[in-house]
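Worksheet: the structure to be examined is printed underneath.
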Amino acid sequence: MSDAPAPVVAAIDVGTQSTRLLVSNAHGELLRRSVITHLGRGVSERRSFDPQQLVATLDTLRAFRRDMDDLGVTHARGISTEAVRLAADPSLFLRPASEVLRFDLELISGTQEGCLAFDGATAGLDQADAPFVTIDLGGGSCEFALGTDHCEQVFSATFGASVLTEAYIEHDPPRPEELLAALSIVQAHIDEVARVIPELRDAGSFIGLGGTFSTMAAVEIGLADHDRDAVNGFLLTRSAAEDVFRTLVTESYADRLHNPGLDPARARTIVGGSCAVVAIMRYFGLDAVRVSEADLLDAIVSDLLHDPRN
């Protein structure tokens, strides 16, 4: 009989807007943290990292490393996504991040990102509801993935909550023409998504992932504090999404902050994000989207627990 300790595994995701950590063992989740660090702020335009956001992200990774050490993590995998993909020199972040974490932080493709998100969100779902479409709306990109028991097709579109807000929203509150521009550019992207994966239109279930979907669900519920169990699996109807959209995009930033369920750190980028959500639901004629709090972090820890060498 082996005396080796049971593995404690960790997954880290450095996104355009948030930096996240999940630590688990064979018995379940030990720690889940998400910090809005805005690594991707301005990267789509400048192709370089904002020094302040770079430092904030590295500080967060340093805190995550301490958490991992405290919990006895034996195996870990960290990934970075669109903000780093857009940078002219990704190593300016990847090198110090890997030094802080004491393992290599990977830069993954949009296809890899979409497949991991699909695997995490659909694990354990009833196959009678398949095929599934996962919509992983992040700060800098949006991955559409289609499949049944595994990810079969992916398209990574280059729009997200942060990018849309930075590119199109200049006034507070936003002007109608700015919102129309954001909605229109999302529709143009989805035209391409639907051209490449026409089967999306016939999918059985659409699942929304990422901070924007979770925030819109939380605002609809009216959560004073984030409750993962209340948000996970919530059926966000198109009518509710449109109501939340109208509220969030017509208010000033100062007024928007008072909406229960809205993290103040998302109060600016939620404008672009909510434009993306309603544009997607309108385009596909969706009556509702199932919100998932499980995503690529969950897929990574599952893989590590099954084979720690991954």
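The values are calculated or read from the model by the stated rules, or taken from the named source; none is laboratory data. Being a predicted model, the structure only gives us computed values, none of them experimental. Neighbour counts run over all protein chains shown; Cβ positions are idealised from the backbone, glycine included.
Looking only at the range 227-244, count every residue that is surrounded by 14 or more Cβ atoms within 10 Å (Cβ to Cβ) and either more than 18 Å from the chain's Cα centre (by Cα) or part of a helix (DSSP H, G or I) (or both) and tell me the total.
Selection size over the range 227-244: 9.
Are any residues in the range 65-109 within 29 Å of PRO7 (Cα to Cα) and under 18 Å from the mean Cα position of the chain (by Cα), and if so, which ones? Outline the logic, then answer.
Let us first name the residues in the range 65-109 that are within 29 Å of PRO7 (Cα to Cα), namely 65-81, 93-109.
ARG77, GLY78, ILE79, SER80, THR81, LEU105, GLU106, LEU107, ILE108, SER109 - these are the residues of the range 65-109 that are within 29 Å of PRO7 (Cα to Cα) and under 18 Å from the mean Cα position of the chain (by Cα).
Of the residues that sit in the range 214-226 and are at pLDDT below 95 and of a type outside the set (A, V, I, L, M), which one is surrounded by the fewest Cβ atoms within 10 Å (Cβ to Cβ)?
First, the residues of the range 214-226 that are at pLDDT below 95: 224-226.
Subsequent filtering for residues that are of a type outside the set (A, V, I, L, M) retains 225-226.
On the way: ASP225: 8, HIS226: 14.
In this case the residue turns out to be ASP225.
Would you check which residues across the range 206-220 are under 18 Å from LEU286 (Cα atoms) and assigned to a helix (DSSP H, G or I) and list them?
Of everything in the range 206-220, those that are under 18 Å from LEU286 (Cα atoms) and assigned to a helix (DSSP H, G or I) turn out to be THR212, PHE213, SER214, MET216, ALA217, GLU220.
Taking the range 265-308 on its own, how many of its residues are free of Cβ contacts under 8 Å to residues at least 12 places away in the same chain and in a loop (DSSP other than H, G, I, E, B)?
Of the residues in that region, 2 qualify.
Could you list, in sequence order, the residues of the range 19-40 that are part of a strand (DSSP E or B), surrounded by 24 or more Cβ atoms within 10 Å (Cβ to Cβ) and of a type in the set (S, T, N, Q)?
Of everything in the range 19-40, those that are part of a strand (DSSP E or B), surrounded by 24 or more Cβ atoms within 10 Å (Cβ to Cβ) and of a type in the set (S, T, N, Q) turn out to be THR19, SER24.
Could you figure out which of (1) closer than 30 Å to LEU164 by Cα; (2) in contact (Cβ under 8 Å) with a residue 60 or more places away in the chain; (3) among the small types (Gly, Ala, Ser) isn't true of ALA10?
For ALA10, the failing item is (1).
Please enumerate the residues belonging to the range 48-86 that are farther than 20 Å from ILE300 by Cβ, touching a Gly at 6+ places or on another chain (Cβ under 9 Å) and either hydrophobic (A, V, I, L, M, F, W, C) or in a helix (DSSP H, G or I) (or both).
Those that are farther than 20 Å from ILE300 by Cβ, touching a Gly at 6+ places or on another chain (Cβ under 9 Å) and either hydrophobic (A, V, I, L, M, F, W, C) or in a helix (DSSP H, G or I) (or both): PHE49, GLN53, LEU86.
Please specify each residue of the range 41-72 satisfying the condition of being among the polar types (S, T, N, Q) and either modelled with pLDDT of 95 or more or surrounded by fewer than 13 Cβ atoms within 10 Å (Cβ to Cβ) (or both). Explain how you work it out, then say what you get.
Initial filter on the range 41-72 (among the polar types (S, T, N, Q)): 44, 48, 52-53, 57, 60.
Selection gives SER48, GLN52, GLN53, THR57, THR60.
Table: residues versus (1) surrounded by fewer than 23 Cβ atoms within 10 Å (Cβ to Cβ); (2) of a type in the set (D, E, K, R).
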| residue | (1), (2) |
| --- | --- |
| THR250 | yes, no |
| TYR253 | yes, no |
| ALA265 | yes, no |
| ARG268 | yes, yes |
| GLY273 | no, no |
| ALA276 | no, no |
| TYR283 | yes, no |
| ALA288 | yes, no |
| SER292 | no, no |
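Please specify each residue of the range 30-52 satisfying the condition of being more than 16 Å from LEU94 (Cα to Cα) and either touching a strand residue (DSSP E or B) at 6+ places or on another chain (Cβ under 7 Å) or in contact (Cβ under 8 Å) with a residue 24 or more places away in the chain (or both).
LEU30, LEU31, ARG32, ARG33, SER34, VAL35, ILE36, ARG41, GLY42, SER44, GLU45
Could you tell me how many of the residues in the range 196-243 are among the β-branched types (Val, Ile, Thr) and under 16 Å from SER18 (Cβ atoms)?
Matching residues across the range 196-243 total 3.
Contact list please: Cβ distance under 7 Å, first residue in the range 163-189 and free of Cβ contacts under 8 Å to residues at least 60 places away in the same chain, second residue not in a loop (DSSP other than H, G, I, E, B), pairs at least six apart or on different chains.
Taking only residues 6 or more apart or on different chains, the pairs are GLU170/GLU178; HIS171/GLU178; GLU178/TYR168; ALA181/TYR168; HIS189/ALA157.
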